[in-house]
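Input: a single structure, listed below in structure tokens.
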Amino acid sequence: MSGDDNIIVDSDFSFSDAIAGTNAPLEIVDRLSMVDVFYFSFDGRRHQGQIIVNSDLEDDASEIFTLIEKLKFPIGKAIPIVAYSWQDHESMAANNTSSFNYRVIEGTTKLSLHSFGRALDINPVQNPVIYPHGLIAPEGTVYNPQKKGAFTAANTIVQEFLKRGWHWGGNFEQPKDYHHFEKP
């Protein structure tokens with residue numbers, strides 16, 4: 001019996017099921033890849049999930065998740081956002097780690113880098129977005145950098161993203177988007 005027999009499968013979509021119902025144009029969908037990722041969740045057990053990223057970022061995503069697993073940095077879950085009917089707020093409230101979602105930036109008409117699989121949100125409950133005037137998403141969460149699964153500028157995973165040319169939302173002027181990483 002290998003250790004892999006004890007993996008909890010959080011997500012096991014086919015690529016076509018994982019993008020079902022997206023409004024993304026075919027030229028965007030054709031540039032996406034699905035990556036199986038492994039991580040330890042908050043239950044202390046090893047899980048398998050999936051993220052859909054731009055094909056150019058497949059290696060970064062895979063290698064960063066290898067680091068996440070090695071460090072046993074807890075990840076709530078990683079399930080393509082189709083499981084939440086493409087609703088970002090529902091995915092965030094469920095503490096879901098995800099990348100591709102064809103949508104605009106909250107409060108604008110501009111496409112988010114998530115629309116191209118060039119942004120990754122990790123543990124939104126531990127790493128909420130804090131808007132000017134104190135509004136926080138997901139609703140009811142609190143950013144506590146001491147909490148398991150929370151990011152700070154000194155975090156090894158944040159540093160690895162930055163080293164690879166990604167930007168971290170915790171460094172944004174506003175809103176502070178602690179769960180958000182992007183590579184334009």
- line: In the range 153-171, anything within 16 Å of Phe65 (Cα to Cα) and aliphatic (A, V, I, L, M) is listed as Ile157, Val158, Leu162
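For Phe13, are the conditions met, namely being closer than 21 Å to Trp166 by Cα, assigned to a loop (DSSP other than H, G, I, E, B) and among the hydrophobic types (A, V, I, L, M, F, W, C)? Lay out the reasoning, then the answer.
Details: closer than 21 Å to Trp166 by Cα: no; assigned to a loop (DSSP other than H, G, I, E, B): yes; among the hydrophobic types (A, V, I, L, M, F, W, C): yes.
In short, no.
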- prompt: (1) farther than 23 Å from Pro138 by Cβ; (2) in contact with a helix residue (DSSP H, G or I) (Cβ under 6 Å, 6 or more places away or on another chain): which one isn't true of Ala18, the others all being true?
  reply: (1)
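Being touching a residue at least 12 places away in the same chain (Cβ under 8 Å) and over 14 Å from the mean Cα position of the chain (by Cα) is the filter; apply it to the range 67-82 and report the residue that is nearest to Val158 (Cα to Cα). Quick ask: steps written out before the conclusion?
Looking only at the range 67-82, we keep the residues that are touching a residue at least 12 places away in the same chain (Cβ under 8 Å), and these are 67-69, 71-82.
This time we only want the ones that are over 14 Å from the mean Cα position of the chain (by Cα), so: 67, 69, 71-72.
Numbers: Leu67: 11, Glu69: 14, Leu71: 13, Lys72: 15 Å.
My answer is Leu67.
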message: Restricting to the range 56-101, name every residue that is of a type in the set (S, T, N, Q) and part of a helix (DSSP H, G or I).
response: Ser62, Thr66, Ser91
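Determine, yes or no, whether Thr109 is modelled with pLDDT of 95 or more, among the hydroxyl-bearing types (Ser, Thr, Tyr), part of a loop (DSSP other than H, G, I, E, B) and out of contact with any strand residue (DSSP E or B) (no Cβ under 6 Å at 6 or more places or on another chain).
For Thr109, the condition - modelled with pLDDT of 95 or more, among the hydroxyl-bearing types (Ser, Thr, Tyr), part of a loop (DSSP other than H, G, I, E, B) and out of contact with any strand residue (DSSP E or B) (no Cβ under 6 Å at 6 or more places or on another chain) - is not met.
Name the residues in the range 16-55 that are small (Gly, Ala, Ser) and part of a helix (DSSP H, G or I), would you?
Of the residues in the range 16-55, the ones small (Gly, Ala, Ser) are 16, 18, 20-21, 24, 33, 41, 44, 49, 55.
Within the range 16-55, Ser16, Ala18, Ser55 meet the criteria.
Search the range 1-34 for residues being charged (D, E, K, R) and at pLDDT below 95, and hand back the single one that is surrounded by the most Cβ atoms within 10 Å (Cβ to Cβ).
As a first pass, look at the range 1-34 and keep what is charged (D, E, K, R): 4-5, 10, 12, 17, 27, 30-31.
Filter once more, keeping what is at pLDDT below 95: 4-5.
Numbers: Asp4: 9, Asp5: 6.
Selected residue: Asp4.
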- prompt: Do we find that Leu57 is closer than 15 Å to Ser99 by Cα and either touching a residue at least 24 places away in the same chain (Cβ under 8 Å) or more than 13 Å from the chain's Cα centre (by Cα) (or both) in this structure?
  reply: yes
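Among the listed residues Ser91, Ser99, Ser115, identify the single one that is of a type in the set (S, T, N, Q), touching a residue at least 60 places away in the same chain (Cβ under 8 Å) and within 24 Å of Pro175 (Cα to Cα). Steps first, please.
Values: Ser91 fails: touching a residue at least 60 places away in the same chain (Cβ under 8 Å); Ser99 fails: touching a residue at least 60 places away in the same chain (Cβ under 8 Å).
Of Ser91, Ser99, Ser115, the one residue that is of a type in the set (S, T, N, Q), touching a residue at least 60 places away in the same chain (Cβ under 8 Å) and within 24 Å of Pro175 (Cα to Cα) is Ser115.
Check whether at least one residue in the range 157-177 is among the aliphatic types (A, V, I, L, M) and either more than 24 Å from Val35 (Cα to Cα) or part of a strand (DSSP E or B) (or both), and report yes or no.
The first filter runs over the range 157-177 and keeps only residues among the aliphatic types (A, V, I, L, M), leaving 157-158, 162.
Keeping just the survivors that are either more than 24 Å from Val35 (Cα to Cα) or part of a strand (DSSP E or B) (or both) gives none.
No, there is no match, as no residue in the range 157-177 is among the aliphatic types (A, V, I, L, M) and either more than 24 Å from Val35 (Cα to Cα) or part of a strand (DSSP E or B) (or both).
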field: Where a residue in the range 157-174 is farther than 23 Å from Pro132 by Cα and in contact (Cβ under 8 Å) with a residue 24 or more places away in the chain and its partner, wherever it lies, is among the hydrophobic types (A, V, I, L, M, F, W, C) and assigned to a helix (DSSP H, G or I), with Cβ under 8 Å and at least six apart
entry: Ile157/Ile64; Ile157/Leu67; Ile157/Ile68; Ile157/Leu71; Glu160/Ile64; Glu160/Leu67; Phe161/Ile64; Arg164/Ile64
query: Does Arg118 meet the test of being under 22 Å from Ala24 (Cβ atoms), buried (at least 17 other Cβ atoms within 10 Å of the Cβ) and over 14 Å from the mean Cα position of the chain (by Cα)?
result: no
field: Filtered residue count, the range 35-56, keeping only those that are surrounded by fewer than 18 Cβ atoms within 10 Å (Cβ to Cβ) and either over 18 Å from Glu69 (Cα atoms) or of a type in the set (Val, Ile, Thr) (or both)
entry: 2
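The values are calculated or read from the model by the stated rules, or taken from the named source; none is laboratory data. Since the structure is predicted, the reported quantities are computational estimates derived from the model, not experimental observations. All Cβ positions, glycine included, derive from the backbone under ideal geometry; neighbour counts span all protein chains shown.
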